[in-house]
Amino acid sequence: MTFAGIDIGSTAIKISIVDENKQLLGHKISASGTMFYKYAHDTLKSLMDEIGIKKDDIAYTVATGYGRKIFKEADENISEITANAIGARAAAREHGVINTIINIGGQDSKAISLDEEGHVVNFAMNDRCAAGTGKFLDACAMNLEIGVDELGGRHFQSTGTPLSINSTCAVFAESEIIGLLGNEHSVPDIVCGVHYSIAKRIVKLVKRVGVKEGIYFDGGPALNEGLVNAIENELSKKIFIPQYPQITTSYGAAIIGVDSYVYASMS
Amino acid sequence: MSDHKIESVKQKQNRHKAMEAISVINTMKDEFKNPLSSMDSFYKLYEDVYCKQKSLHDETTKVGTMCIQIPSEIIYALDAVPIRLCNGFYTDDEIGSDMLPQKACPLVKATVGHFASGNFSDKPDFIYSPTTCDQKTKAGSTIESFGYEVVDVDFPRMKESEISREYFRRSIKDFSAHLSKQMSKKLTKKKLKESISKIGYAQSLYHKLCEYRKDASVAISGNDMFFITNAFFFDKLDDWIDKTKAVLSELEQRSQDQVSVASKVSPRIVYTGSPPIFPNFKIPMLIEQSDALIVADETCSSNRMFNDRVAVDEWFVGDMLNSLADKYLKACTCPIFTKNDDRIRRIIDLYKTYSADGVIYQAFAGCSVYELEQRSVLGAMEKEGIPILYLESDYSPSQGGQLSTRVEAFVESLKMKKRKKA
């Protein structure tokens, strides 16, 4: 018996499938593109093929994320904040207790504070604006004419002072970056500055919910080691990055699926 | 999991400050037309001190001063160096915000924050705080709570009275005796005379720089002037003199070649109010990025520090100290004084002498004395028919948008007037 968690985000669709012991059987990530619904189905289908299961083998499906309501076949849908909390605790169980989650998604960023039981006690999200999100990194990488996956490496090549990006707006920040490039400043120093500007914004969110020990960072940008280091420096604390930072929320949704299924069969 | 090392608190603060500093330095280098090549040595100085935490004074005793009313001449005469502690970093402002009221002045918060962090490239050995504005006066005890000793120096609030003059003369004698004891050194006639003339020489260089700002084609920007005058806070005096002389000779060449840093239509601005202290050059930058040019200023981080010379009658220690006290009191146009018509006269005088088109008055939100004096200054300017813009700002880096609209609109209105006149 398996359980699926489907996280339909603004930028990517993440699907995790777990067994009844909440062990991850497989996961898949694809771009959300323009047809969330179709892509979600296609992604689920190819993940099922990969693991070697059929539709009927999935006992319970939980949808989460910004596009969760589009996936009508789901047995349940749940906010990405709850799913993220559950997923983070589970993904880090061998590492230690997670009390704070930093999530940077494609178009939003958030800090979530958990109580001892792992329940969400408080959370803070960025204001309606793409500053400090994955989109911001995408835009910066595009301006710098490098791949978004190269940002981390460039960060550590910086030998000068990181160049501040003062605009909080992603659009204006782009023009700042273009200005810096025009004046022939070093790309690594700019990349470093971009990471610190995101890190500072994120740390402000974290401070709003309270900085505790046991910090977990997920979402695609958590793959960027430069950004990770910038956030660690701004927080003056080590943060834990899971093996698959992008799928934490879908993994959490799948786990919720197990619990809901058990609960439903009990009653 | 990443195995990169995490910065210590000190490293983090230094990085934050370095990032603030480098963006101002880069703006100067990148954004303005006809940059002076002789300014590079000043930019390098700032980069060394604020991005690389280079210490300039090593073994020399450093005397920190909380305001400009402590005579540098006495400090130099005792073989120490004065370091002005007024601080312009948003990083330190944020640290200080935890210790002072929300509405306190950012300069005071940043100064207190700097002490709270204890993060100095040249840490002062002694700290003297003249009792100028309320916030600076009270900041001393907060700074003491971090384990420093702050010596208060009496400073009167009435400038005109004879009592004030006597009072401050005594206070300066006390200060000089105190420092002399701390240093275990006698203040000699020879040394004091030497330092008075050396500072006088530095002042004369400042005045020469200003002469070039009176020309129709101005060879140096107001922001570069702030870089030069701010460096006087912490640079080695001889080095400062050398660098300034290099700027002067480039200006002389420029004056012959008629090279200007602004266009002919750029409005000429007199800048007054709360002092721009590196790296908080937010408003001066906005002004010059809006195609105006600061040709003169009336601030304690620049003009007020250099404008008036010490007038000595007799070259005896006692007389010299009296003359110093008079200069630092009577010539001061700080708004902490009960009445301050001198400041208004100075602004009008600068406006006329430097053929300015308008005045921009900045007050830090929380700097109550400048906020209070807004009314009298604005009234006086109106009476004289001098256009003036009043702006309130702080150290936060994200206020640019709102302020730039106001500055640009004011600059445009001055341009219109200029065009009409022509």
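Laboratory data are not the source of any read-out in this text; all were calculated from the coordinates shown. Predicted model, so just to flag it, every value in this text is computed and none were measured. So basically every Cβ, Gly included, is an ideal-geometry build from the backbone, and we count neighbours across all protein chains shown.
Close amide H pairs (under 5 Å, H built 1.01 Å from N) link A:E76 with A:T61, A:A63, residues at least 5 positions away or on another chain. Compared with the dominant principal axis of the Cα atoms in chain A, helix A:248-266 is inclined by about 20°. Computed from the Kirkwood radius of its Cα pairs, the Stokes-Einstein diffusion coefficient for region B:22-119 at 20 °C and 1.002 mPa s stands at 138 µm²/s. Between B:D313 and A:R208, the modelled labels are 6.6 nm apart [label points 7 Å from Cα along Cα→Cβ].
Remark: A:R154, B:R165, B:R375 ranked as B:R375, B:R165, A:R154, counting other beta-carbon atoms within 10 Å and listing the fewest first.
Kirkwood Rh, Cα Rg: Rg to Rh for region A:121-267? Rg/Rh: 1.07.
Using every pair of distinct Cα positions in chain B, the Kirkwood expression returns a hydrodynamic radius of 22.0 angstrom.
Amide H to amide H distances under 5 Å link B:L391 with B:Y361, B:Q362, B:A363, where only residues 5 or more positions off or on other chains count and H is placed in the peptide plane. Look at the dipole of region B:100-219 built from charges on Cβ: of B:F155, B:A216, B:T132, the Cα furthest out on the positive end belongs to B:A216. Rounded to the nearest 20 debye, the dipole size of region B:199-267 about its Cα centre is 220 debye, using +1 on the Cβ of Lys and Arg and -1 on the Cβ of Asp and Glu.
Report summary: the helix-based calculation at 222 nm, which adds -39500 (n - 2.57) for every DSSP H run with n ≥ 4 and divides by the residues of chain B, gives -17000 deg cm²/dmol.
The Cys residues in chain B with no partner Cys Cβ within less than 4.7 Å of their Cβ are B:C51, B:C67, B:C86, B:C133, B:C210, B:C300, B:C332, B:C334. Each Cα pair under 8 Å and six or more residues apart adds its sequence gap; the mean of these over the residue count of chain B is a relative contact order of 18 percent.
Here chain A is treated with +1 on each Lys and Arg Cβ and -1 on each Asp and Glu Cβ, and its dipole about the Cα centre works out to around 480 debye. Measuring r between the beta carbons of B:S204 and A:D42 and using R0 = 60 Å, the FRET efficiency lands at 0.15. Sequence-ordered 3J(HN,Hα) estimates for region A:114-123 from the Karplus curve with 6.51, -1.76 and 1.60 and θ = phi - 60° stand at 10, 8, 4, 6, x, 7, 6, 9, 7, 8 Hz, glycine and proline given as x. Rounded to the nearest 10 degrees, the angle from helix A:187-209 to the longest Cα principal axis of chain A is 50 degrees.
Ratio of Rg to Rh for region A:186-229: 1.01 [Cα atoms; Kirkwood radius as inverse mean 1/r over pairs].
The phi torsions of region B:263-269, fed into the Karplus equation with coefficients 6.51, -1.76 and 1.60 and a -60° offset, translate into couplings of 8, 5, 8, 5, x, 9, 10 Hz, rounded to whole numbers, with Gly and Pro shown as x. Relative contact order of region A:10-159: 13 percent, from C-alpha pairs under 8 Å at least 6 residues apart in sequence.
For the protein assembly as shown, what is the per residue volume of the convex hull drawn over the alpha-carbon atoms, in cubic angstrom?
Once divided by residue count, the hull of the protein assembly as shown is 176 Å³.
Here, region A:1-67 is characterised by an Rg to Rh ratio of 0.95, where Rg is the alpha-carbon radius of gyration and Rh the Kirkwood radius. Counting other Cβ atoms within 10 Å as a rough exposure proxy, the listed residues B:L209, A:L114 run B:L209, A:L114 from fewest neighbours to most. In sequence order, region B:115-125 has phi-based couplings of 5, 4, 6, x, 9, 10, 7, 10, 6, x, 7 Hz under the Karplus curve 6.51 cos²θ - 1.76 cosθ + 1.60, θ = phi - 60°, and Gly or Pro positions carry x. Other residues whose C-beta falls under 14 angstrom from the C-beta of B:S355 contribute a net charge of +4, scoring Lys and Arg +1 and Asp and Glu -1.
Under a 5 Å amide H cut-off, with hydrogens placed 1.01 Å from N, B:V153 pairs with B:S129, B:T131 among residues at least 5 apart or on other chains. Short-range pairs are left out: with C-alpha atoms under 8 Å and at least six residues apart, the relative contact order of region A:108-267 is 23 percent. Remark on region A:1-117: Rg and Dmax equal 14.1, 40 Å (Cα only). Helix A:225-235 and the longest principal axis of the Cα set of chain A meet at an angle near 80°. Using Cβ point charges alone (K and R +1, D and E -1), the dipole size of the protein assembly as shown about the Cα centre works out to roughly 1980 debye.
Highest GNM mean-square fluctuation among B:F278, B:F233, B:F146, for chain B modelled with Cα contacts below 10 Å: B:F146. Protection proxy ranking, highest mean first, for peptides A:83-95, A:2-14, B:189-201: A:2-14, A:83-95, B:189-201, where packing is the per-residue count of other beta-carbon atoms within 10 Å, averaged.
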